[in-house]
């Protein structure tokens with residue numbers, strides 16, 4: 001293990017200090033000056049971007065988030081990476097009973113986000129998150145996906161507690177049906193700006209779009 005300007009591999013890269021690492025599976029480095037691209041990226045510090053499904057940066061952007069929203073009212077998330085690119089792992093619930101009344105509607109999701117400075121003390125923080133929503137008593141492979149584009153704004157600067165809020169654009173695709181076979185789609189939205197059933201597909205789906213909000217704190 002030593003220093004290098006560039007490392008490329010179909011499987012794994014390991015280096016002390018490196019400018020660019022690109023691997024098919026894992027990148028490991030102490031210091032990255034510019035870019036890491038891999039399925040899993042591990043580093044002590046990254047001055048640029050670590051782009052992958054999982055970024056473990058010791059001195060990076062590692063936060064626990066508690067938030068509220070219009071689709072899932074209560075959410076807990078872990079955010080890992082750097083301010084230039086981080087991964088999101090989230091679970092949440094809207095605290096409503098499921099279709100059989102013996103459990104809560106809940107969801108789990110994955111996404112990513114980044115920061116852009118606007119002015120001192122104010123940052124623009126867009127995120128993309130896709131969640132699988134469970135509205136039945138047991139986990140089933142129904143198509144019930146909630147895709148969200150969050151346009152968040154941070155109102156704290158270099159604080160242990162980050163406060164944020166902003167609009168959320170929600171798009172729901174679902175093939176949930178009633179017991180009689182009627183396509184109804186998801187019930188997590190109280191309203192929709194657009195809703196349509198598509199029956200000309202192999203599996204009929206219900207699609208909904210609405211605009212909501214998201215706000216919370218990160219520690």
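The values are calculated or read from the model by the stated rules, or taken from the named source; none is laboratory data. Just so we're clear, the structure is a prediction, and the values are computed from it rather than from any experiment. Cβ: placed from backbone, ideal geometry, glycine included. Neighbour counts: every protein chain shown.
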Tell me the residue from 70, 19 that is outside the structural domain of residue 148 (by TED's automatic domain parsing), touching a strand residue (DSSP E or B) at 6+ places or on another chain (Cβ under 9 Å) and modelled with pLDDT under 95, please. 19
If the requirement is being assigned by TED's automatic domain parsing to the domain that holds residue 149, farther than 30 Å from residue 190 by Cβ and surrounded by fewer than 20 Cβ atoms within 10 Å (Cβ to Cβ), which of these qualifies: 53, 39, 122? 122
Filter the strands (runs of 3 or more DSSP E) completely within region 1-51 down to those with at least 3 residues that are more than 19 Å from residue 88 (Cα to Cα). 4-9, 12-23, 26-37
When you scan region 97-111, do you find a residue that is under 25 Å from residue 37 (Cβ atoms), assigned to a loop (DSSP other than H, G, I, E, B) and at pLDDT 90 or above, even just one? no
Got at least one residue in region 138-154 being assigned by TED's automatic domain parsing to the domain that holds residue 73, surrounded by 13 or more Cβ atoms within 10 Å (Cβ to Cβ) and modelled with pLDDT under 85? yes
Being buried (at least 17 other Cβ atoms within 10 Å of the Cβ) and more than 15 Å from the chain's Cα centre (by Cα) is the filter here, so list the residues in region 57-88 that pass it. 57, 60, 70
Taking the condition assigned by TED's automatic domain parsing to the domain that holds residue 178 and within 30 Å of residue 189 (Cβ to Cβ), does residue 117 pass? no
Taking residue 175 as the residue in question, decide whether it is in contact with a strand residue (DSSP E or B) (Cβ under 6 Å, 6 or more places away or on another chain) and within 19 Å of residue 95 (Cα to Cα). no
